[in-house]
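Worksheet: the structure to be examined is printed underneath.
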Amino acid sequence: MSMQKSVRRNTAPDIAGRKGAEPIVSLTAYHAHTAQILDPYVDFLLVGDSLGMVMHGYESTVPVPLDLMIMHGAAVVRGSSRALVVVDLPFGTYEESPQLAFRNAARVMKETGCGAVKLEGGTRMGETIRYLTERGIPVMAHIGLTPQSVNVMGGFKTQGRERAEWAAIEDDARVVAEAGAFAVVLEGMAELLAARVTKSCPIPTIGIGASAECDGQILVLEDMLGLSPRVPKFVREFAQIGEAIETAVKAYADDVRARKFPAEEHTYAMKDDAGKVTKKTKMTGS
Ligand code: KIV
């Protein structure tokens, strides 16, 4: 009996090979059922540590624990079959040393079944990216606005609006590519700089708030669905799911209070002695 699956999942090299070709499409996913809906339409799914803010009510991504990433990562792998699944390494699990990064990234790969990890940082993470990729762990890098550094940056600030900032960010892109990253997320970056980085960088750039000049795009699913209370300027809300949920929940509450739900079609009737389903009759006795 063949154990081969009919659908081949995208790999990190597949994404790397898309440089300069058709735009790469990606979204975040945190659950099995949303992963299943997104899977046919995206090239990769990111289990981003933004889940801490979007789903778990944290003010930033800093408190997100590794176990939470693993739990959501495994769900997204279970729910998808063709998109590459990339899981974020959360703050504090990789910065200290390449060895610590390897131990945690290997855990993520073994326990979720994902195809790659993502970590934040450019030049300063070059050695770690090389260490991981040489040991079998595909790495997506993340430069520009790096949310895990929010406390150092003093807020979520767009990068590269002053020319004086460009050289350091261009160096970041060069270093992560030379170290072996298969793609790099450019977050919150001025358009001209994103265009320059995309032109000079040999690996695909994936933009979020970094203009259409990038090789691909990613958004946080809840933001583009209209489920987040506040969204940054770079998000287009492709739907208003928050409003749709509120309308549905209000209708449910009204119907329960008016005893209109559950109705007969939602109710299990009794069978009579001959096994025939009977219509509801008035309750008799106690
Ligand atoms: O955590 C996340 O959702 C991300 C994206 C913003 C790229 O890293």
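The values are calculated or read from the model by the stated rules, or taken from the named source; none is laboratory data. For clarity, every value in this text was computed on a predicted model and none was experimentally measured. When we count neighbours, we look across all protein chains shown, and the Cβ atoms used for this are built from the backbone with ideal geometry, even at glycine. The protein model used for the area step is the full one, side chains on, heavy atoms only, and it has no ligands, DNA or RNA in it. Shrake-Rupley method; radii C 1.70, N 1.55, O 1.52, S 1.80 Å.
Which of the following residues is touching a residue at least 24 places away in the same chain (Cβ under 8 Å), surrounded by 15 or more Cβ atoms within 10 Å (Cβ to Cβ), within 14 Å of the ligand (Cβ to nearest atom) and not small (G, A, S): L51, L46?
On the way: L51 fails: touching a residue at least 24 places away in the same chain (Cβ under 8 Å).
Residue meeting the stated conditions: L46.
Which of (1) surrounded by 23 or more Cβ atoms within 10 Å (Cβ to Cβ); (2) away from the ligand (no atom under 11 Å from the Cβ); (3) within 25 Å of L89 (Cα to Cα) does L221 not meet, given it meets every other one?
Of everything listed in (1) surrounded by 23 or more Cβ atoms within 10 Å (Cβ to Cβ); (2) away from the ligand (no atom under 11 Å from the Cβ); (3) within 25 Å of L89 (Cα to Cα), L221 misses just condition (2).
So in region 61-77, with the set limited to residues that are assigned to a loop (DSSP other than H, G, I, E, B) and under 15 Å from the mean Cα position of the chain (by Cα), which one is nearest to the ligand (Cβ to nearest atom)?
Applying the first criterion (assigned to a loop (DSSP other than H, G, I, E, B)) to region 61-77 yields 61-65.
Now restrict to residues that are under 15 Å from the mean Cα position of the chain (by Cα): 61, 64.
Values: T61: 6, V64: 9 Å.
That would be T61.
For region 62-77, give me each residue that is out of contact with any Phe, Trp or Tyr (no Cβ under 7 Å at 6 or more places or on another chain) and open to solvent by 10 Å² or more (accessible area, probe 1.4 Å).
P63, P65, L66, D67, L68, I70, M71, A74, A75, V77, listed by residue number.
Test A269 against the stated conditions and say whether it is more than 16 Å from the ligand (Cβ to nearest atom), in contact with a Lys or Arg (Cβ under 8 Å, 6 or more places away or on another chain), farther than 28 Å from L46 by Cβ and in a loop (DSSP other than H, G, I, E, B). Spell out the reasoning first.
Working: more than 16 Å from the ligand (Cβ to nearest atom): yes; in contact with a Lys or Arg (Cβ under 8 Å, 6 or more places away or on another chain): yes; farther than 28 Å from L46 by Cβ: yes; in a loop (DSSP other than H, G, I, E, B): yes.
So A269 fits the description; yes.
Can we say R236 is modelled with pLDDT of 95 or more, of a type outside the set (A, V, I, L, M) and surrounded by fewer than 18 Cβ atoms within 10 Å (Cβ to Cβ)? Before you say what the answer is, go through the steps one by one.
Details: modelled with pLDDT of 95 or more: yes; of a type outside the set (A, V, I, L, M): yes; surrounded by fewer than 18 Cβ atoms within 10 Å (Cβ to Cβ): yes.
Yes: the conditions hold for R236.
Within region 185-198, restricting attention to residues that are of a type outside the set (D, E, K, R) and assigned to a helix (DSSP H, G or I), which residue is farthest from E127 (Cα to Cα)? Spell out how you get there, then give the answer.
Our first condition is that a residue be of a type outside the set (D, E, K, R); within region 185-198, this holds for 185-186, 188-190, 192-195, 197-198.
Adding the requirement that they be assigned to a helix (DSSP H, G or I) leaves 192-195, 197-198.
Values: L192: 28, L193: 24, A194: 24, A195: 26, V197: 20, T198: 22 Å.
Here the answer is L192.
Specify the residue that is most open to solvent (accessible area, probe 1.4 Å); the eligible residues are those in region 23-43 that are part of a loop (DSSP other than H, G, I, E, B) and within 13 Å of V85 (Cβ to Cβ). Give the steps one after another, and end with the answer.
Going through region 23-43, the residues part of a loop (DSSP other than H, G, I, E, B) turn out to be 23, 29-31, 39-43.
Add one more test, that the residue is within 13 Å of V85 (Cβ to Cβ), and what stays is 29-31, 39, 42-43.
Numbers: A29: 1, Y30: 4, H31: 53, D39: 11, V42: 4, D43: 20 Å².
Filtering region 23-43 for residues that are part of a loop (DSSP other than H, G, I, E, B) and within 13 Å of V85 (Cβ to Cβ), the one most open to solvent (accessible area, probe 1.4 Å) comes out as H31.
Please go through region 91-110 and pick out each residue that is in contact with a Gly (Cβ under 8 Å, 6 or more places away or on another chain) and not aliphatic (A, V, I, L, M).
E95
Could you run through region 118-148 and say how many residues are in contact with a Gly (Cβ under 7 Å, 6 or more places away or on another chain) and of a type in the set (S, T, N, Q)?
Within region 118-148, residues that are in contact with a Gly (Cβ under 7 Å, 6 or more places away or on another chain) and of a type in the set (S, T, N, Q) number 2.
Got a sec? Which of G57, G20 is part of a loop (DSSP other than H, G, I, E, B) and over 25 Å from G155 (Cβ atoms)?
Values: G57 fails: over 25 Å from G155 (Cβ atoms).
Criteria check complete, one pass: G20.
Sort out which residues of region 194-210 are over 21 Å from L119 (Cα atoms) and either crowded, with 17+ Cβ neighbours inside 10 Å or modelled with pLDDT under 95 (or both), and write them in order of number.
A195, R196
Can you tell which of G209, G136, G216, G144 is over 30 Å from R103 (Cβ atoms) and among the small types (G, A, S)? Can you show your working first?
Details: G136 fails: over 30 Å from R103 (Cβ atoms); G216 fails: over 30 Å from R103 (Cβ atoms); G144 fails: over 30 Å from R103 (Cβ atoms).
After ruling out the rest, the residue left standing is G209.
Please list, ordered by first then second residue, the pairs with beta carbon atoms under 7 Å, 6 or more apart or interchain, first in region 71-87 and more than 20 Å from V139 (Cβ to Cβ), second open to solvent by 10 Å² or more (accessible area, probe 1.4 Å) and among the β-branched types (V, I, T).
Between residues of region 71-87 that are more than 20 Å from V139 (Cβ to Cβ) and residues that are open to solvent by 10 Å² or more (accessible area, probe 1.4 Å) and among the β-branched types (V, I, T), the close pairs are S81/V7; R82/V7.
Could you identify the single residue in T11, T28 that is within 19 Å of A181 (Cα to Cα) and of a type outside the set (K, R)? Before the answer, list the steps.
Values: T28 fails: within 19 Å of A181 (Cα to Cα).
Result: T11 is the single residue among T11, T28 that is within 19 Å of A181 (Cα to Cα) and of a type outside the set (K, R).
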